[in-house]
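Just below is one structure, and these are the notes that go with it.
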Amino acid sequence: MSAIEGPAVTREFENRSLIYDETYTPRVKELLIYKSRGLKSVKMEQTPLNLHWETVIKKTNKMLIELKQDPIAMEQNNSEERFSRRAFLSSMRTGGKKLVKSMAPASWRMEANEWNLANYFAGYQFYTVELDYNKCTMCKVCFTFCTQEVFHVTDSYLYIENDKCVNCTDCTDICQEDAIRIIPDIKIKSELRSPLFSKECQDCGQSFYSFQTERKKCPICMNRDPRWLSPY
Ligand code: SF4
Ligand code: SF4
């Protein structure tokens with residue numbers, strides 16, 4: 001990661017402010033997590049914010065407004081006294097220890113896609129998982145790839161827990177049917193429950209689930225090239 005993106009820059013904090021440093025640009029997720037842990041503002045010295053920082057702060061504040069939180073303020077930095085990122089995070093009582101561990105520079109950017117903002121802003125979801133029932137064959141490949149366990153099938157229902165989604169895009173990348181989309185969308189958290197039909201494949205006899213009652217073949221037989229020798 002460092003070879004591609006360069007070494008991670010240590011964040012500096014002063015009280016509850018992040019010190020502006022143009023050698024890196026924080027991620028929106030990163031700022032939201034700092035905010036949930038007590039960050040109030042970004043402090044600048046003489047240099048005005050560059051465009052990258054401005055964009056990230058604008059996006060973060062838009063999301064904070066949707067989350068009914070105060071936006072991150074901008075302040076002029078007049079003090080020489082600074083704390084390291086570690087000292088700042090350690091100063092946060094609730095969850096400080098865990099956060100420091102999970103955001104240690106070595107694993108920081110590697111894990112960035114896995115940070116679940118819903119853990120920091122309880123009661124909200126940040127992404128909506130949208131399934132196209134006409135395209136989805138219920139092959140379940142995306143369910144297996146989803147590290148956050150967003151999907152589960154119980155009692156002939158598919159459940160999608162939107163608040164667990166971190167928008168890693170593994171599911172959209174793997175789906176051959178182009179049946180799944182992740183929509184960035186801050187909402188009160190919700191779970192989708194969709195009824196499934198339990199079927200038996202007319203070719204191989206295996207049982208499978210489908211959204212369509214008229215489907216007769218399991219996803220494997222459906223996608224099998226008819227020019228291949230049939231294994232049945
Ligand atoms: S990979 Fe695609 S087709 Fe298979 S279950 Fe997921 S969304 Fe449906
Ligand atoms: S983007 Fe897909 S694979 Fe990643 S967490 Fe969300 S549902 Fe799971």
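Expressed as a whole percent, the accessible surface of segment 120-194 that belongs to carbon and sulfur atoms is 47, based on a 1.4 Å probe. If R0 equals 35 Å, the separation of the Cβ atoms of L196 and N50 corresponds to a calculated FRET efficiency of about 0.10. If each Cα of segment 125-232 is one equal point scatterer, what is log10 of I(q)/I(0) from the Debye formula at q = 0.16, 0.17, 0.19 Å⁻¹? The Cα Debye sum returns log10 ratios of -0.74, -0.82, -0.98. Summing +1 for each Lys or Arg and -1 for each Asp or Glu among the other residues whose beta-carbon sits under 13 angstrom from that of C175 gives -3.
Of K29/K187; K59/K140; K62/K189; K68/K135, which pairs sit farther than 28 Å apart, going by alpha carbon to alpha carbon?
K59/K140; K68/K135
Shown in residue order for segment 200-205 are the 3J(HN,Hα) couplings computed by the Karplus curve 6.51 cos²θ - 1.76 cosθ + 1.60 at θ = phi - 60°: 10, 5, 6, 8, 9, x Hz (x for Gly and Pro).
The values are calculated or read from the model by the stated rules, or taken from the named source; none is laboratory data. All of these numbers come straight from a predicted model, not from anything done at the bench. Reconstructed Cβ throughout: ideal geometry from the backbone, glycine too, with neighbour counts over all protein chains shown. Calculation scope for accessible area: heavy atoms of the full protein, side chains included, ligands and nucleic acids excluded. Shrake-Rupley method; radii C 1.70, N 1.55, O 1.52, S 1.80 Å.
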